[in-house]
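Structure record follows, encoded as C-alpha cells.
The values are calculated or read from the model by the stated rules, or taken from the named source; none is laboratory data. Note that the structure is a prediction, hence the values are computed from the model and not measured. Reconstructed Cβ throughout: ideal geometry from the backbone, glycine too, with neighbour counts over all protein chains shown. Calculation scope for accessible area: heavy atoms of the full protein, side chains included, ligands and nucleic acids excluded. Shrake-Rupley method; radii C 1.70, N 1.55, O 1.52, S 1.80 Å.
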Amino acid sequence: MTTSHSHGPNFGRRVDGCPRCTELSAGAEPVSWSRSRAQRDRDDDQLRARALREHDCRTAGCGVVCTFGDW
C-alpha cells in the first residue's frame, strides 16, 4: 500500500509538504489500478489480426466484395 496524498487532485503536479508527492519525487512507482490502455489496445489488435487470418469467405457466405474486418 502507498501513502495517501494530503491534497485533492492536482493534475500531476507535486505539492510541497505532501508525503506521497515526496515519495514520488524520490522515485516511488505510481499506483497502477488496471491494465494500461496500451496493453488493452495490443490485446485487441492481436484478436483482430487472428480473426482476419481465420476468416473464410466461403464458409461465412460473403458476397462479391468481402467487407469483413472493415470497422
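Observations on the structure shown:
- To the nearest ten degrees, helix 37-54 and the longest principal axis of the Cα atoms of the chain are 10 degrees apart.
- By the Kirkwood approach, averaging reciprocal distances over each pair of separate Cα atoms, the chain gets a hydrodynamic radius of 16.7 Å.
- The sum of -39500 (n - 2.57) across all DSSP H runs of n ≥ 4, divided by the residue count of the chain, sets its helix-only mean residue ellipticity at 222 nm to -12000 deg cm²/dmol.
- Cβ crowding within 10 Å averaged over residues, with 54-62, 20-28 ranked highest first: 20-28, 54-62
- Chain lengthening between Ser25 and Thr2 when straightened (0.36 nm per residue, less Cα-Cα): 6.9 nm
- Taking all Cα pairs closer than 8 Å and separated by 6 or more residues, the relative contact order of the chain comes to 19 percent.
- Accessible surface, per residue, of the chain when the full set of protein chains is kept, probe 1.4 Å, Å²: 88
- Percent accessible area from carbon and sulfur atoms, the chain, protein chains only, probe 1.4 Å: 53
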